[in-house]
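Right, one structure below, let's go through it.
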Amino acid sequence: MPIRTASGELQTINEFPVKSAQNSPCKLVLRLMKWVHGQTLASARIMPIELLMDAGQFLGRIHIVFDGIPDSPALEAANRYHAWDGKNTTDLEGYVSCIHNPKRRALVQSVLAAFQRELIDTGTHETFRKGVLQADFNDANIIMDDKWNVCGIIDFGDSVRSWRILDISVGMAYAMLSAYAKPGKAISAAAAMLRGYHAVSPLDELEQSHLRLLVACRLACSVTLGAYSYQQNPENKYLLFHAEPAWNALDLIWNQGSAVQGAIDHVFRTACQVPNKQELSCSDLDIPDPHIVDLLASVRPDCAFSRTLVKDNEVTKLPIISIVGENGKPKDLTKKLVEATQGSFEFSLVGTSILNIEGNLQEVAGWRGEEAANLVGGPVITLGSLLLFHVLNGLSLGPFYRCL
């Protein structure tokens, strides 16, 4: 909580010396806050996964308190524009020119394009729940006590009223940069914080489906505005040093291809499965990132999308591709596919049906593939027939897809 000045103001403006000699002294806003006892998560050199889950639970409880605050003139201050508010992600386009590496600039632009395409153009953003956010839930703002229990949050300077899902997506983004995440467990870190939050303040299915995108948006915001800040003050090398982990996290969550993206989405969905809230655990989420070699892979239980074969003392992992369609497919289909791929894959028939849709060839194929992949949670081949009807003297109605 802020402490008022002798004249009763909540803040004052004074000139202070700063690191940049060119800009010193500089006028800065000074605000005195009450001391919160403890240490920040950022100070922890070693961090158990349970601490991130604990932080997620604390954020969930904060949201419940926020939602219970009655409307008042004081809350109107939260209805404001803020560049770091995730709903303003497309405004980052005006800053991407500050990213001089063309590959990294293209990476950020692909995130902005997906945000526009998937959330804005579709109107999905209008259905997100709204609320007051802390809006900067990172390890430097999370306080833990002497027993390593999360006991407080500081720095509400970025607070806004916006989409509620943004607070946990911000927390997940920064969890990927935490001490626990650094040895190659960034996805695990994000999932642990998500599980804690969801156990206290559950996300609906729509919010869950856009988590990876919104985490990527926060990371894109961080690296982009960081590049802009460095351009304004190139003497501050600190900005570049701390941007590198964020770039690596963004590359991991957004730039590793559809298979990795689908696996990450699956991990996040798993994190939202909390069968027993009284005994929360993250043992199933304590997993290495995709680029980390798993030395025990040959003896672990097979996952849903691979099977281990041991022949002549050689261990082989066969990727499993699901064939999605209704029951009753030719029984020799998988055999033909195995022969065609020279045994590099294993194929599994999944008996299910997908709704019929109308559209052009690209729309039908893309929609059906995406629906099947989401249903299975992994790589798929879809089966069916594509019918083109011609009526009214040759007037085409377009392709019509129907499951076989």
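Figures for the structure shown
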item	result
Residue check, residue 53 part of a loop (DSSP other than H, G, I, E, B) and either over 18 Å from residue 152 (Cα atoms) or out of contact with any strand residue (DSSP E or B) (no Cβ under 8 Å at 6 or more places or on another chain) (or both)	no
Flag if residue 258 is over 21 Å from residue 89 (Cα atoms) and either touching a residue at least 12 places away in the same chain (Cβ under 8 Å) or of a type in the set (S, T, N, Q) (or both)	yes
Candidates 175, 106, filtered to the one that is surrounded by fewer than 17 Cβ atoms within 10 Å (Cβ to Cβ) and of a type outside the set (Val, Ile, Thr)	106
Condition check for residue 221: within 21 Å of the chain's Cα centre (by Cα), farther than 17 Å from residue 114 by Cα and in contact (Cβ under 8 Å) with a residue 24 or more places away in the chain	no
Scope the range 43-72; condition of a type in the set (A, V, I, L, M, F, W, C) and surrounded by fewer than 16 Cβ atoms within 10 Å (Cβ to Cβ); matching residues	46, 64, 65, 69
Residue in the range 117-124 that is under 28 Å from residue 285 (Cα atoms), part of a helix (DSSP H, G or I), open to solvent by 60 Å² or more (accessible area, probe 1.4 Å) and among the acidic types (Asp, Glu) present	yes
Matching residues, the range 90-103, being open to solvent by 70 Å² or more (accessible area, probe 1.4 Å) and of a type in the set (Ser, Thr, Tyr)	95, 97
Where a residue in the range 1-17 is farther than 14 Å from residue 33 by Cα and part of a loop (DSSP other than H, G, I, E, B) and its partner, wherever it lies, is open to solvent by less than 100 Å² (accessible area, probe 1.4 Å) and small (Gly, Ala, Ser), with Cβ under 8 Å and at least six apart	17/24
Exclusive hit being under 30 Å from residue 286 (Cα atoms) and assigned to a loop (DSSP other than H, G, I, E, B), set 45, 61	45
When residues of the range 216-253 are limited to those that are at pLDDT below 90 and touching a Ser or Thr at 6+ places or on another chain (Cβ under 8 Å), the one most open to solvent (accessible area, probe 1.4 Å)	235
Residue check for residue 152: surrounded by fewer than 18 Cβ atoms within 10 Å (Cβ to Cβ) and either under 16 Å from residue 209 (Cα atoms) or in contact (Cβ under 8 Å) with a residue 60 or more places away in the chain (or both)	yes
Checking residue 106 against (1) more than 19 Å from residue 203 (Cα to Cα); (2) assigned to a loop (DSSP other than H, G, I, E, B), the condition it does not meet	(2)
Hits in the range 29-42 (condition: in a strand (DSSP E or B) and open to solvent by 70 Å² or more (accessible area, probe 1.4 Å))	29, 30, 32, 33, 39
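The values are calculated or read from the model by the stated rules, or taken from the named source; none is laboratory data. Just so it is clear, the model here is predicted, and its values are computed rather than measured. FYI the Cβ positions are ideal-geometry reconstructions off the backbone, even for glycines, and counts take in every protein chain you see. Surface accessibility is based on the protein's heavy atoms, side chains included, excluding ligands, DNA and RNA. Shrake-Rupley method; radii C 1.70, N 1.55, O 1.52, S 1.80 Å.
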